[in-house]
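Report on the structure given below.
The values are calculated or read from the model by the stated rules, or taken from the named source; none is laboratory data. Owing to the predicted nature of the structure, the values given are computational and were not obtained by experimental measurement. With ideal geometry, Cβ positions are generated from the backbone for all residues, glycine too; neighbour counts draw on all protein chains shown.
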Amino acid sequence: MHYSYCPVCGGALAPVRLPLGNTSGPDDLRACGSCGYEFWQNSKPCVSAVIVRADGQEQYILLTRRAIEPYRDCWDVPGGYLHNGEPPEQGLARELAEELSVPLLRPCLAAIEIDEYLRADVPREARFTFNVFYLCTLPADIEPKPADDVAEARWFPLSAVPSGLAFPSNNRVLARLRGRIGEYLGENRGTSGPSPFAAGGAGSSPPGGR
């Protein structure tokens, strides 16, 4: 199953044969026979927050239980799709405000992963996501308030993270970051100022998520 009609004029889309040696896949480019519009099928950009904190010698991560499909009722890291033209940190601040009513504090780019947002009503080639992960933390006096597509938020010891998190990329990223979280928390010990993109602050985007 592929997209069949042009989003500009409604004409029929057809596959475009790319030059020999081009590494794009067979479903990456389709063109409209009426207006000539070229439709590139790209992975959708997303942002995710690996929110951590320390309590004594124990390190904790904040996970959210999904209220929607896919992976309904599974534990996940907060985040979501970027808006068109939205900078990643600004988008992450918006998502944290919408889902948990918390600010984005001390974001640190941690990983980039490709994943798949499984939906039966969407062609497989349109399900892929380009996921940007940030390590960040929260002020000690702020309590997350689940909303939007989040059913519950809970702090877990890093030594007791639930198995089988939503989306394979979450599991891969957490496995790689375990050794860096202590260093990140040590570098940010005692800091209290929010990111320039903190929810409601300068540079934050208008409300309204996906």
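Against the definition (in contact with a His (Cβ under 7 Å, 6 or more places away or on another chain), modelled with pLDDT of 95 or more and not in a strand (DSSP E or B)), how does Gly85 come out, yes or no? Walk me through how you get there before you give the answer.
Details: in contact with a His (Cβ under 7 Å, 6 or more places away or on another chain): no; modelled with pLDDT of 95 or more: yes; not in a strand (DSSP E or B): yes.
It is false that Gly85 is in contact with a His (Cβ under 7 Å, 6 or more places away or on another chain), modelled with pLDDT of 95 or more and not in a strand (DSSP E or B).
Checking each residue in the range 27-62 for being loosely packed, with under 15 Cβ neighbours inside 10 Å, out of contact with any strand residue (DSSP E or B) (no Cβ under 7 Å at 6 or more places or on another chain) and within 24 Å of Gly91 (Cβ to Cβ) picks out only Asn42.
Considered as a group, the residues in the range 88-122 that are surrounded by fewer than 14 Cβ atoms within 10 Å (Cβ to Cβ) and at pLDDT 95 or above include one that is farthest from Pro45 (Cα to Cα), and that residue is Leu109.
Conditions (1) out of contact with any Ser or Thr (no Cβ under 6 Å at 6 or more places or on another chain); (2) of a type outside the set (A, V, I, L, M), marked per residue:
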| position | (1), (2) |
| --- | --- |
| Glu113 | no, yes |
| Val122 | yes, no |
| Glu125 | yes, yes |
| Asp148 | yes, yes |
| Phe156 | yes, yes |
| Asn171 | yes, yes |
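If you go through the range 97-114 and keep only what is closer than 18 Å to Leu177 by Cβ and touching a residue at least 40 places away in the same chain (Cβ under 8 Å), you end up with Leu104, Leu105, Arg106, Pro107, Cys108, Ala110, Ala111, Glu113, Ile114. Against the conditions (1) at pLDDT below 90; (2) surrounded by fewer than 10 Cβ atoms within 10 Å (Cβ to Cβ); (3) assigned by TED's automatic domain parsing to the domain that holds Pro87, Pro206 satisfies every one except (3).
The set of residues in the range 24-76 that are farther than 20 Å from Cys136 by Cβ, within 14 Å of the chain's Cα centre (by Cα) and in a strand (DSSP E or B) contains only Lys44.
So is Glu125 outside any strand (DSSP E or B), surrounded by 15 or more Cβ atoms within 10 Å (Cβ to Cβ) and not β-branched (Val, Ile, Thr) or not? Don't jump to the end; show me each part of the working.
Values: outside any strand (DSSP E or B): yes; surrounded by 15 or more Cβ atoms within 10 Å (Cβ to Cβ): yes; not β-branched (Val, Ile, Thr): yes.
Yes, satisfied.
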